[in-house]
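K.L.:
Next up is a structure, given as structure tokens.
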Amino acid sequence: MTGLFDYLLGLGDDALVAAQRTSEWCAKAPQLEEEVALANIALDQLGQARAFLTYAGELEGGGRDEDALAFLRDAHDFRNAQLVELPNGDFATTVAKTLFLAAYQNLLFTRLGRTAEPRLAGIAAKAAKESSFHVSYASVWTVRLGDGTPLSHRRMRDAVEEVWPYTHELFEPWSAPEAGLDPATLRGRWLEIVERVLGEATLPRPQDGWAATGGRHGRHTEWFGPLLAEMQSVHRAHEGARW
Amino acid sequence: MTGLFDYLLGLGDDALVAAQRTSEWCAKAPQLEEEVALANIALDQLGQARAFLTYAGELEGGGRDEDALAFLRDAHDFRNAQLVELPNGDFATTVAKTLFLAAYQNLLFTRLGRTAEPRLAGIAAKAAKESSFHVSYASVWTVRLGDGTPLSHRRMRDAVEEVWPYTHELFEPWSAPEAGLDPATLRGRWLEIVERVLGEATLPRPQDGWAATGGRHGRHTEWFGPLLAEMQSVHRAHEGARW
Amino acid sequence: MTTSEDPEPQAAFDATIARRDRIEPRDWMPDAYRKTLVRQIAQHAHSEIIGMQPEGAWIGSAPSLRRKAILLAKVQDEAGHGLYLYAACETLGVSRAELTDLLLAGRQKYSSIFNYPTPSYADVGTIGWLVDGAAICNQVPLCRTSYGPYGRAMIRICKEESFHQRQGYELLMTMMRGTEAQRAMVQESVNRFWWPVLMMFGPPDVQSPNSARSMAWGIKRNSNDELRQKFVDMTVPQADALGVTLPDPDLRWNEERGQHDFGEPDWEEFAAVVRGDGPCNAQRLRHRQAAHDDGAWVREAATAFAARAGAR
Amino acid sequence: MTTSEDPEPQAAFDATIARRDRIEPRDWMPDAYRKTLVRQIAQHAHSEIIGMQPEGAWIGSAPSLRRKAILLAKVQDEAGHGLYLYAACETLGVSRAELTDLLLAGRQKYSSIFNYPTPSYADVGTIGWLVDGAAICNQVPLCRTSYGPYGRAMIRICKEESFHQRQGYELLMTMMRGTEAQRAMVQESVNRFWWPVLMMFGPPDVQSPNSARSMAWGIKRNSNDELRQKFVDMTVPQADALGVTLPDPDLRWNEERGQHDFGEPDWEEFAAVVRGDGPCNAQRLRHRQAAHDDGAWVREAATAFAARAGAR
């Protein structure tokens, strides 16, 4: 059990880092429709990040706003799950990451939308709707790629294999009294959703093996440092400047 | 004509940015021999950068050492030619960049090795020997790839085409009284060397067209910001720390 | 698609143009009109898509989350504009895939402004203020262009562009009120972009071979020089309000004309950039080509899946 | 390459081993000896090459130019070590290309330590101090290993490794004398690496099936547990000097034994990582595979060129 501040950081950092990765597709997507759709997803994620981090900063009461939290923390102070740090890889890897994350977020946000903590509930309720769209989008593409050509089948299968070890961390014990929710209780439903999509996509559900862990406690992958270096570079080059 | 400080920055920044790019090959080179050779080149370039920047900092007399100059300047204060900023691309692009840069540096350093300014002459004389090895290495590979397989011929030709517009800037007016050297006077010899290698490699010498310019005055390519963001990230995250 | 020599459809076409009404996809139209439109709309569509690159590269390091969101939404809008415009082109019988191939083969152009680099974050603001500002000057009259789908696309696009223009200006204003370094960034960016922006209106009228016919057909509503003048007159007071200097020693108010005098852009540079010999032409096309190639397997998979789903 | 059943060469081999002399490539050797050597030298070579990845990733952002040069030179040394060791393996009749294929197919291993991530710059120091320190403990006895080319390669490698070890220690010392954040980075890094480093000596002797035979052949000179103990005893005072805490509550000096007692590593985790199920196994192999694939056209060009040059 952690405090609400840390919990909000975790929710916000998941969304922020996911937005950072999703927006890397800009001007590189497979077709224009995907440019628009991926930018939509990134904008939703960024909006969620801003809401959670702003709330976290106000709760902390130390004068840190969303930008101070996004741009002036070092890697070990970020509380996101490692899943969102994974490089985009090919489009299939991004689809797999988006599916697994959004299905988790949708379940989590739906539950948090009913907590007694009104501000958390408000942000979560909006985010739940958004993540539901992300699940649909990623599901459609998982099926198209899984059941598309032999090449796309292989790539989608490899992508699911590659991302799978990073899904376990999402369901590790991590909560706040105001959230009143053990993520482990979401895993059954998450598996149902994901397995149904994989089934439709003619893809096997990967074996459970090594499982990523530690992101909620500030342990991150080797890919995270470079991501932050890019994200924070302009802000840090102009200390104290306003934009 | 610029002052010696700015001139040393230009020499140092060429070497520093080149070292940064060359060392990106680490653990990615086509074979182990190239791992070793590219690391050698990067180490030479880095050593040159340190010598020039240290001297520049001492000359300035404001207490900036090589690290302050490398890690705490923003893009527009760097004085390197744009050539060294170009992404590594495939191995052929790196070979082309290295050939063009090293052939220029070798001519320049050889001349600077004979100036009356003893410290500049000393650094340049050592660097001249090193760049002579870089020219050999890049020449050998230009010929191997140019005269290798049809695929390698095409890639080497494309690489030469791609990098060529960035070579003109090396010979633009830029000097310091202590250097006493107009880079334009090096171009004839440079072309001879490069054209001989390209000829042996069965590659055409590209047409002159658009020419990059501005690096010596702080104008850089779109690739330069991300390069600096990575290079400076750890240093800037720990203000005032010693390593 | 009729190419009838029958005078009747030509008369109907001429009448529609004369009363400034819209030509619609199913109407008869002269081949040259169709070709001119395809060329112009495609160039416009390609500009939106290529234009995503220089700004899109800053999304990852935008210095505040608000600016990141604004920039992301803007670049998304550009993708959307590309979509409408390709769709408008498709009403003239040319597919998006064909147009993309023509772009990648260098046989269709995009706005030369995107062949200039954006090495500074201030460029995001300058592109909004000056580049989008110039685009609006060019595009507002196109809302009344004679071809229906094009005109309707432009109405939607112009609305969004003027939003982008205000956002760009607001970013620059914030930076000009900020630190010394921020102000220097803005001025440096404006120095680089001013002349290329003036070139966005095309060559001087005396050298613009297709303009007259396009104006007769109602595709174009104003001459290059008229629009350039309008843009300069509109921009000077904005520059004053910002506190930036426009890098043209000949720029001054001409009381007599009631307009600004200004210097001549370097038309040789313009010609070079248009023929592919600008700072970023090769880079932009290589990027587009790489994205297109990398996405091929995805598009193929979608097609294969759809075909199979249709067959079921 | 003889596999004679003739007792004479076997006797000569045994005699060489018994007098602790070197077996050379042209000498007769038992097949199992050859196979064991190939497996061990290849694993060692692969470890050098894979080991370039976690540290190499920090060259680009090393926080001082001096550290950048040190790190670059170190990673270059690793490539060099890989070269010697593959060459030693080639004296046993297996080519570098074959060994690379076996690595990429997951049929040969590399040191499990490189399947742990290096997310912090302090890890560069920790790898030098602890990982290279453990490697030296393992490798110094190998300088006296019975196979000549392997032993000679190890002499050169050990000399460089101990240089790396001192550099790593010196980096950590500098950081421990630095800011609060730097000290925290070092402690956090040591916390992550301590147990995996202890596993570098292999499973406990009672569970180490191949050790006895390797020792009889003079390939191996000390048992896993002996080396692990030696490493711990050597490291504890170094940790004290640094001011870092080794994350083992059971670690204490045992006056009676004259050695340190210490806790048991998690051998289940070790087994999982060895069988490919560690934090970075897939990542490391994918990276190696990508570099190998990306370089194929270059190697092919060099071969084609050499063949043509030879034919001239």
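K.L.:
Report the local net charge at C:Pro196: Lys and Arg +1, Asp and Glu -1, summed over other residues whose C-beta lies under 11 Å from its C-beta. Each step should come with its number before you reach the end.
P.N.:
On the way: positive: C:Arg192; negative: C:Asp266, C:Glu269.
Summing Lys/Arg as +1 and Asp/Glu as -1 gives -1.
K.L.:
What accessible surface, in Å², does a 1.4 Å probe find on D:His292, ignoring ligands, DNA and RNA and rounding to the nearest 10?
P.N.:
My reading of the accessible area for D:His292 is about 50 Å².
K.L.:
Simple spin-label model, 7 Å along Cα-to-Cβ: C:Asp233 to C:Ala309 in nm?
P.N.:
Here the modelled spin labels are 5.4 nm apart.
K.L.:
Over chain C, one equal point on each Cα, no solvent: what is log10 I(q)/I(0) by the Debye formula at q = 0.08, 0.15 Å⁻¹?
P.N.:
Results for chain C at q = 0.08, 0.15 Å⁻¹ read -0.40, -1.29.
K.L.:
With the Cα gyration tensor of segment C:158-218 giving a ≥ b ≥ c as the square roots of its eigenvalues, does the rule (a/c under 1.5 for rounded; else a/b larger than b/c for prolate; else oblate) give rounded, prolate or oblate?
P.N.:
In terms of gyration-tensor shape, oblate.
K.L.:
Nearest 500 deg cm²/dmol is fine: what mean residue ellipticity at 222 nm does chain A get from its DSSP H runs of n ≥ 4 alone, each adding -39,500 (n - 2.57), divided by its residue count? Provide the component values of the computation, followed by the final result.
P.N.:
Values: 8 runs with 148 residues, N = 243.
Value at 222 nm, helices only: -20500 deg cm²/dmol.
K.L.:
Quick one: Debye curve from the alpha-carbon atoms of segment D:81-190 only, equal weights, vacuum; give me log10 I(q)/I(0) at q = 0.11, 0.13, 0.18 Å⁻¹ to two decimals.
P.N.:
-0.46, -0.61, -0.96
K.L.:
Further, regarding this structure: Average partner chain C-beta neighbours within 10 Å, per residue of B:59-68?
P.N.:
Working: counts 0, 0, 0, 0, 0, 0, 2, 3, 6, 0.
Across the residues of B:59-68, the mean count of other-chain Cβ atoms within 10 Å is 1.
K.L.:
Taking a ≥ b ≥ c as the square roots of the eigenvalues of the Cα gyration tensor of segment B:2-237, is the shape rounded (a/c under 1.5), prolate (a/b larger than b/c) or oblate? Let's see the in-between values first.
P.N.:
Numbers: a/c = 1.70, a/b = 1.37, b/c = 1.24.
Cα axes put segment B:2-237 in the prolate bin.
K.L.:
Within a 10 angstrom radius of each residue's Cβ in B:76-83, how many Cβ atoms of other chains show up on average? Whole number is fine. Mind dumping the intermediate values first?
P.N.:
On the way: counts 6, 0, 0, 0, 0, 0, 3, 0.
Partner Cβ neighbours, averaged per residue: 1.
K.L.:
Compute the relative contact order of chain A as a whole-number percentage, counting only Cα pairs closer than 8 Å that sit 6 or more residues apart in sequence. It would help to have the intermediate numbers written out before the result.
P.N.:
Values: 353 pairs, mean separation 61.4, N = 243.
Once divided by the residue count of chain A, the mean separation gives 25 percent.
K.L.:
Peptide B:219-231: average number of partner chain Cβ atoms within 10 Å per residue? Walk me through the numbers before you get to the answer.
P.N.:
Working: counts 5, 3, 5, 12, 4, 2, 11, 7, 1, 3, 13, 7, 8.
Neighbouring Cβ atoms belonging to other protein chains average 6 per residue here.
K.L.:
Same structure again: Report the FRET efficiency, 1/(1 + (r/R0)^6), for C:Arg166 and D:Trp267, where r is their Cβ-Cβ distance and R0 is 51 Å, rounded to 0.05.
P.N.:
Numbers: r = 64 Å, r/R0 = 1.26.
So, using R0 = 51 Å, E works out to roughly 0.20.
K.L.:
I've got another one for you. So what are the protein assembly as shown's ellipsoid semi-axes, whole angstrom, largest first, if each one is the square root of 5 times an eigenvalue of the alpha-carbon gyration tensor?
P.N.:
Equivalent ellipsoid semi-axes, largest first: 54, 36, 31 Å.
K.L.:
Measuring nothing but label to label, 7 Å from Cα along Cα→Cβ, what are D:Trp267's distances to the other copies in nm, shortest first?
P.N.:
Here D:Trp267 shows inter-copy label distances of 8.6 nm.
K.L.:
Sorted by average packing, counted as other Cβ atoms within 10 angstrom per residue and highest first, what order do A:38-46, C:144-152 take?
P.N.:
Numbers: A:38-46: 23.7, C:144-152: 20.3.
The densest-packed peptide leads the list: A:38-46, C:144-152.
K.L.:
Taking the DSSP beta bridges in the protein assembly as shown as the whole, what percent of them are antiparallel, to the nearest 5?
P.N.:
Details: 6 of 8 bridges.
Roughly 75 percent of the beta bridges in the protein assembly as shown run antiparallel, per DSSP.
K.L.:
Using a Gaussian network for chain D with springs between C-alpha atoms less than 10 Å apart, which of these wobbles most: D:Arg66, D:Arg22, D:Arg284?
P.N.:
The residue with the greatest mean-square fluctuation here is D:Arg66.
K.L.:
State the dimensionless ratio Rg/Rh of segment D:137-253 (Rg: radius of gyration of Cα atoms; Rh: Kirkwood radius). Intermediate results must be reported in sequence, preceding the final value.
P.N.:
Working: Rg = 16.6 Å, Rh = 16.0 Å.
That ratio is 1.03, to two decimals.
K.L.:
Now a separate question. Shape call for segment A:140-243 from the C-alpha gyration tensor, a ≥ b ≥ c root eigenvalues: rounded (a/c under 1.5), prolate (a/b greater than b/c) or oblate? Write out the running numbers ahead of the final one.
P.N.:
Details: a/c = 2.42, a/b = 1.43, b/c = 1.69.
Note, shape of segment A:140-243 comes out oblate.
K.L.:
Take chain B, connect every pair of alpha-carbon atoms lying under 10 Å apart with a spring to form a Gaussian network, then pick out the residue of B:Leu59, B:Leu108, B:Leu69 with the largest mean-square fluctuation.
P.N.:
Of B:Leu59, B:Leu108, B:Leu69, the Gaussian network model singles out B:Leu59 as fluctuating most.
K.L.:
Related question: What is the distance in Å between the Cα centres of segment D:231-267 and segment D:1-70?
P.N.:
30 Å
K.L.:
If we count every other residue with Cβ under 12 angstrom of B:Leu112's Cβ, Lys/Arg +1 and Asp/Glu -1, where does the sum land? Spell out each step's value before the answer.
P.N.:
Numbers: positive: B:Arg111, B:Arg114, B:Arg119, B:Lys126; negative: B:Glu117, B:Glu178.
Around B:Leu112, the surrounding residues sum to +2.
K.L.:
Which parts of segment D:285-302, residue by residue, lose 20 Å² or more of accessible area when the rest of the protein chains are there, as against the chain isolated (1.4 Å probe)?
P.N.:
Listed in order, they are D:Arg286, D:His287, D:Arg288, D:Ala291, D:Trp297, D:Val298, D:Arg299, D:Ala301, D:Ala302.
K.L.:
Which distance in Å, rounded to a whole number, links the C-alpha centroids of segment B:136-158 and segment B:1-68?
P.N.:
One Cα centre to the other: 26 Å.
K.L.:
Between segment C:284-310 and segment C:192-215, what's the alpha-carbon centroid distance in Å?
P.N.:
Result: 36 Å between the Cα centres.
K.L.:
Now for a separate question. Hey, in the GNM for chain C with a 10 angstrom Cα cutoff, which one of C:Asp21, C:Asp233, C:Asp250 fluctuates hardest?
P.N.:
Checking each option, the largest mean-square fluctuation is seen for C:Asp250.
The values are calculated or read from the model by the stated rules, or taken from the named source; none is laboratory data. Values in this document were obtained by computation on a predicted structure and should not be read as measured data. Please note: Cβ atoms are built from the backbone with ideal geometry, for glycine as well, and neighbour counts cover all protein chains shown. Heavy atoms of the whole protein, side chains included, go into the accessibility calculation; ligands, DNA and RNA do not. Shrake-Rupley method; radii C 1.70, N 1.55, O 1.52, S 1.80 Å.
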